[in-house]
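Read-outs: derived from the displayed coordinates by stated rules, not from any lab. Note that this is a predicted model, so its numbers are computed, not measured. Neighbour counts run over all protein chains shown; Cβ positions are idealised from the backbone, glycine included.
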Amino acid sequence: MKNSKLDLKAIIFDMDGVLINTEPQYENFWRTAAKKYNVYFEGFEKQIRGMTVKKLFEGQFRDIGNLEKENLLKEFKAFEDQMYFPEIPGIATLLPHLKESKIKLGLVTSSDLEKLTRVITQKNLDLYFDVMITANDVVDGKPSPECYLKAADKLGVEPVNCIVFEDSFAGISAARSAGMVVVGVSSSHSRSELVSECNNVVEDFQRIGLKEIIDFHESAELESKV
């Protein structure tokens, strides 16, 4: 039971699948790699969404040889070098709109700094975000809450005053474990798959503004008081 209203002070976005629609490209790469190294299984693509490369190598690809891991990492870097970054519909309008408000903006991604730098160059994300956390900034990637707790700390806000937009179960789990309100973006999973894991679900950002985001946060507070 909460005794006072918790104001929304920060909006935090995941990157892949939330700001840019790159998940189909990643799924195709890792599916091909998993079949090549004989580690593929049913549901592989859904399991790996939101994971860092480090997590993948420690988990799904842990049993392949060191030489194979080196070759796979080279293949992955070459793949990322030629990626394109289509935007999630509505995000190009939403970010400038949010930047005009007094609410702080954060970005938390499982991608490394090198990848983020390429996205920034194309999409000018550095114009909007007060804090950007990458895989280089954490010891334990999603679903660990470390990345989101670090973002809140750097933004100077309490986790309960944050709302997160995420598309992967690993990211949703990380944000929930950090104590934040979570809105699922159904770019990687369907609404029906996400609805039980999140406080709310959106398809994209075409009809989303600051008012709607505040409503998401306040409705989550009301639900927690029941």
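Placing dummy labels 7 Å off each Cα toward the beta-carbon, the span from Asp63 to Asp130 is 4.7 nm.
Taking a point 7 Å from the Cα of Glu27 along the Cα-to-Cβ direction, the residues of segment 188-203 with backbone N closer than 20 Å to it are 188-198, 201-203.
The aspartates and glutamates within cross-link reach of Lys154, meaning a Cα-to-Cα straight distance under 15 Å and a gap of 8 or more places when in the same chain, are Asp130, Asp137, Glu146.
Between Asp7 and Glu70, the C-beta separation translates, for a Förster distance of 41 Å, into a calculated FRET efficiency of about 0.25.
In this Cβ point-charge picture (+1 for Lys and Arg, -1 for Asp and Glu), segment 1-69 has a dipole of about 220 debye about its Cα centre.
Given in Å, the Rg to one decimal and the Dmax to the nearest whole number for the Cα atoms of segment 120-226 are 13.9, 45.
Which listed residue (Phe129, Val182, Val201) has the Cα farthest towards the positive end of the charge dipole for segment 88-226, taking +1 on Lys and Arg C-beta and -1 on Asp and Glu C-beta about the Cα centre? Of Phe129, Val182, Val201, it is Phe129. Label-to-label distance, Glu193 versus Glu100, with points set 7 angstrom from Cα along the beta-carbon direction: 3.6 nm. A viscosity of 1.306 mPa s and a temperature of 10 °C, combined with the Kirkwood radius over C-alpha pairs in the Stokes-Einstein formula, give segment 64-183 a diffusion coefficient of 101 µm²/s. Here Lys36 is the anchor, and the lysines within straight C-alpha reach of less than 22 Å, apart from those fewer than 8 places off in the same chain, are Lys46, Lys54, Lys55, Lys69, Lys74, Lys77.
For Kirkwood radius over Cα pairs in Å, computed directly from the structure shown, the correct entry in (i) 17.5; (ii) 19.6; (iii) 18.0 is (iii).
Please give the charge dipole size of segment 136-226, origin at the Cα centre, charges +1 on K and R Cβ atoms and -1 on D and E Cβ atoms. Round to the nearest 20 debye.
Values: 8 positive and 16 negative charges, 10 e Å.
For this selection, approximately 40 debye.
Under a Gaussian network description of the chain, with springs only between Cα atoms under 10 Å, the residue in Lys35, Lys115, Lys46 that fluctuates furthest is Lys35. Ellipticity at 222 nm from helices only: DSSP H runs of n ≥ 4 in the chain, each -39500 (n - 2.57), divided by the residue count, give -13000 deg cm²/dmol.
Taking Cα centre as origin and charging only the Cβ of basic (Lys, Arg, +1) and acidic (Asp, Glu, -1) residues, the dipole magnitude of the chain rounds to 160 debye. For segment 60-68, putting each phi into the Karplus relation 6.51 cos²θ - 1.76 cosθ + 1.60 with θ = phi - 60° gives couplings of 4, 10, 5, 8, 7, x, 4, 5, 5 Hz, in residue order, rounded to whole numbers and with x for Gly and Pro.
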